[in-house]
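> This is the structure I have questions about; it appears just below.
The values are calculated or read from the model by the stated rules, or taken from the named source; none is laboratory data. Everything numeric in this text was worked out from a predicted model, so none of it was measured. Glycine gets a Cβ as well: all are built from the backbone with ideal geometry, and neighbour counts include every protein chain shown.
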Ligand code: UTP
C-alpha cells in the first residue's frame, strides 16, 4: 500500500523568457487565464486532490506567488467596509490555511531537477507531488487526483503523459514504453527532449508527477543533462530499475500556457468552460471569426 501524498511542490523559479516583456517584473505564473492567475489553477487542482502542504520553489522577484495565497487582512477589511461581500469571499477563498504554505528560493535556474531538489528539506521523507503550473488541464476529475489514484495502486514514480506529434518530441521528456496497458503504461527508460528520429515513443511527460523522496539523493549529484540543466527526467531514468515508473494517459485536455499560442488557447478554452461567461463568449468568438 503506497503512503498517502500530502505535499506538493510547485517549481516556479524559471525565467519566463517566452513571455517578455510581460514577465519583466510580473512572474509568469501571476498572469491571469480568464479571471485567475495561472498559479491559482494549479493550487486549486492540488487542493481538490487532497494536498495539504504547498511548497513554492521561487526565484528573486517571484515573492508575489506565495503572497497571493496568504491572508490579506487590510484588503478584506477595506472590502467589508465597502459592503463588497462577494469580493471578500474571492480574496478569502484563495488564502491557504496557516502553516500549509512554504516557499524556498532556487538561487540560480539550473533546471527543473535542481528546482525540485531545492524543496528537499520542506518535503522530508515522504512521497510528494510536483505540479508545473504552465501545464493547465481541463478535466472532469482533477489531473493530479487521477495521478494520485494510480499511485495508490502502483507506487514508485507516476507521471502524467500525453501522445504528442513526432515533430514535437524535442520539447518534452519522452517515455521508452515496456508495457502498454491502455490508460496506464510502464516505462523502461526516459529521454529528455529527443530529436524526433531518436525518440523511443511519442508519449510525453506533462507537468504532473508523484515522486519518491529517494529522488532527492540522485538530484543531489547535480549532474547536468540536456541544455546543461539538471533534469528531473534523468534522475527518474537512473532510478527506473529500483523504482518503477508509470505514465497515466489522463482524462482531459492539456494547454501549454508556457507558450504564447498555448496561453491564448487556454484563455479561450477556460472562458468557454467558465459557467458565468461561457454563453457570452461563444457569439463573440463567432463574430471575430466571421470578420476574418
Ligand atoms: P520552462 O522550461 O517553461 O522555463 O520551465 P521557464 O523559465 O519557466 O520559461 P521560458 O522557457 O524561459 O519562457 C518549466 C517549469 O520549470 C520551472 C519553471 O518555473 C516552470 O514551471 N523551472 C525551470 C524552475 O523552477 N527552475 C529552473 O531552473 C527551470
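> Is it the case that residue 176 is without any contact (Cβ under 8 Å) to a residue 60 or more places away in the chain, buried (at least 16 other Cβ atoms within 10 Å of the Cβ) and farther than 30 Å from residue 31 by Cα?
Against the criterion (without any contact (Cβ under 8 Å) to a residue 60 or more places away in the chain, buried (at least 16 other Cβ atoms within 10 Å of the Cβ) and farther than 30 Å from residue 31 by Cα), residue 176 qualifies.
> Return yes or no: is residue 158 crowded, with 23+ Cβ neighbours inside 10 Å and in contact (Cβ under 8 Å) with a residue 60 or more places away in the chain?
Taking the combined requirement at face value, the residue satisfies it.
> Given 247, 252, 258, 262, which one is at pLDDT 95 or above and over 27 Å from residue 155 (Cα atoms)?
262
> Let me ask something additional. Does residue 7 satisfy being surrounded by 14 or more Cβ atoms within 10 Å (Cβ to Cβ), under 19 Å from residue 209 (Cβ atoms) and away from the ligand (no atom under 15 Å from the Cβ)?
It is true that residue 7 is surrounded by 14 or more Cβ atoms within 10 Å (Cβ to Cβ), under 19 Å from residue 209 (Cβ atoms) and away from the ligand (no atom under 15 Å from the Cβ).
> Would you point out the residue of the range 27-57, among those that are within 13 Å of the ligand (Cβ to nearest atom) and in a loop (DSSP other than H, G, I, E, B), that is farthest from residue 111 (Cα to Cα)?
31
> Mind checking which residues of the range 269-280 are free of Cβ contacts under 8 Å to residues at least 60 places away in the same chain and surrounded by 15 or more Cβ atoms within 10 Å (Cβ to Cβ)?
272
Okay, residues lined up against (1) out of contact with any helix residue (DSSP H, G or I) (no Cβ under 7 Å at 6 or more places or on another chain); (2) under 25 Å from residue 2 (Cβ atoms); (3) within 15 Å of the ligand (Cβ to nearest atom):
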{"position": "70", "(1), (2), (3)": "yes, no, no"}
{"position": "103", "(1), (2), (3)": "no, no, yes"}
{"position": "110", "(1), (2), (3)": "yes, no, yes"}
{"position": "125", "(1), (2), (3)": "yes, yes, no"}
{"position": "151", "(1), (2), (3)": "yes, yes, no"}
{"position": "159", "(1), (2), (3)": "yes, yes, yes"}
{"position": "178", "(1), (2), (3)": "yes, yes, no"}
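> So, one more: I need a count of the residues in the range 83-117 that are surrounded by 11 or more Cβ atoms within 10 Å (Cβ to Cβ) and closer than 23 Å to residue 211 by Cβ.
Residues meeting the conditions: 17.
> Here is a further query. Evaluate the range 15-22: report whether one residue or more is within 16 Å of the ligand (Cβ to nearest atom) and under 29 Å from residue 213 (Cα atoms).
Yes: the range 15-22 contains one or more residues that are within 16 Å of the ligand (Cβ to nearest atom) and under 29 Å from residue 213 (Cα atoms).
> Could you say which residue among 210, 185, 191 is touching a residue at least 60 places away in the same chain (Cβ under 8 Å), in contact with a helix residue (DSSP H, G or I) (Cβ under 8 Å, 6 or more places away or on another chain) and more than 15 Å from the ligand (Cβ to nearest atom)?
Just one listed residue meets the conditions, 210.
> Return a yes/no flag: does the range 150-159 have any residue that is more than 20 Å from the chain's Cα centre (by Cα) and farther than 22 Å from residue 49 by Cβ.
no
> Name the residues in the range 241-258 that are under 25 Å from residue 118 (Cα atoms) and in contact (Cβ under 8 Å) with a residue 60 or more places away in the chain, would you?
Passing the criteria: 243, 244, 245, 246, 247, 256, 257, 258.
> Can you list the strands (runs of 3 or more DSSP E) found entirely within the range 80-180 that contain at least 3 residues being in contact with a strand residue (DSSP E or B) (Cβ under 7 Å, 6 or more places away or on another chain) and within 19 Å of residue 38 (Cβ to Cβ)?
Strands (runs of 3 or more DSSP E) meeting the threshold: 128-131, 135-138.
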